[in-house]
1. Go over the candidates S120, S155, S112, S127 one by one and state the one that is within 23 Å of N69 (Cα to Cα), modelled with pLDDT of 95 or more, of a type in the set (S, T, Y) and surrounded by fewer than 18 Cβ atoms within 10 Å (Cβ to Cβ).
2. May I ask you to list the residues in the range 140-161 that are of a type in the set (A, V, I, L, M, F, W, C), more than 21 Å from D17 (Cα to Cα) and part of a loop (DSSP other than H, G, I, E, B)?
3. Quick check, is T16 part of a strand (DSSP E or B), within 14 Å of the chain's Cα centre (by Cα) and of a type outside the set (G, A, S)?
4. Here's a check for you: in the range 59-77, which residue that is more than 11 Å from R132 (Cβ to Cβ) and buried (at least 24 other Cβ atoms within 10 Å of the Cβ) is farthest from the chain's Cα centre (by Cα)?
5. Taking L96 as the residue in question, decide whether it is without any contact (Cβ under 8 Å) to a residue 60 or more places away in the chain, hydrophobic (A, V, I, L, M, F, W, C) and surrounded by 19 or more Cβ atoms within 10 Å (Cβ to Cβ).
Amino acid sequence: MKDAFVKLKNDLQALTDDLYKADFFTPEKVLVIGCSTSETIGEHIGKSSSDEAADLIFKHFFEIANKENMHLLFQGCEHINRSLTTSRHTMEALKLEEVTVVPHKEAGGSLSELAYKELSDAVVVESVTADRGIDIGQTLIGMHLKHVAIPVRTSVKKVGEAVVTIATTRPKLVGGPRAHYK
């Protein structure tokens, strides 16, 4: 199992390197991380939560978000309606509404549970409209992204054993045949 966590750590670093090249990590942007720690270790989503995987992933993205001055939210699973764990600072800065739930392995998942324990003055919010998203293990973060989501292609297709999907967003194009766009 130790080799699995070495691979996970290496995959996270390779993914991050690609995303830095793509100018993905931008100050003041809102980043949602959705993750099935079960999938990262090669198990079925929701069946084998991994505290070790959660710890690696949380620390990795928490460090980047702090360095880049981004708002960071961790999506929980469907058992808490995919609500998001974040800091009270982010909740207030983004004018989000707090909900009452404490994420745990069986309802929220290991990463959401760890974020709730580790974030300063952690809260859970029902939804956000994020600029950026990283979905590790097909946790379906799309409901929390701004319209229109744009896929970001990287050389990293899996984090550990989990499929990874990355998106940024752009404003909607409105108008008709006479409209002009940048």
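The values are calculated or read from the model by the stated rules, or taken from the named source; none is laboratory data. What you see is a predicted model; the values in this text were computed from it and never measured. Because the Cβ atoms are built from the backbone with ideal geometry, glycine has one as well, and the counts that use them run over all protein chains shown.
1. Values: S120 fails: modelled with pLDDT of 95 or more; S155 fails: within 23 Å of N69 (Cα to Cα); S112 fails: surrounded by fewer than 18 Cβ atoms within 10 Å (Cβ to Cβ).
It is S127.
2. If the condition is that a residue be of a type in the set (A, V, I, L, M, F, W, C), more than 21 Å from D17 (Cα to Cα) and part of a loop (DSSP other than H, G, I, E, B), then L140, I141, V148 are the ones that fit.
3. Numbers: part of a strand (DSSP E or B): no; within 14 Å of the chain's Cα centre (by Cα): yes; of a type outside the set (G, A, S): yes.
So T16 does not fit the description; no.
4. Ranking the candidates gives C77 first.
5. Details: without any contact (Cβ under 8 Å) to a residue 60 or more places away in the chain: yes; hydrophobic (A, V, I, L, M, F, W, C): yes; surrounded by 19 or more Cβ atoms within 10 Å (Cβ to Cβ): yes.
Spelling it out, L96 is indeed without any contact (Cβ under 8 Å) to a residue 60 or more places away in the chain, hydrophobic (A, V, I, L, M, F, W, C) and surrounded by 19 or more Cβ atoms within 10 Å (Cβ to Cβ).
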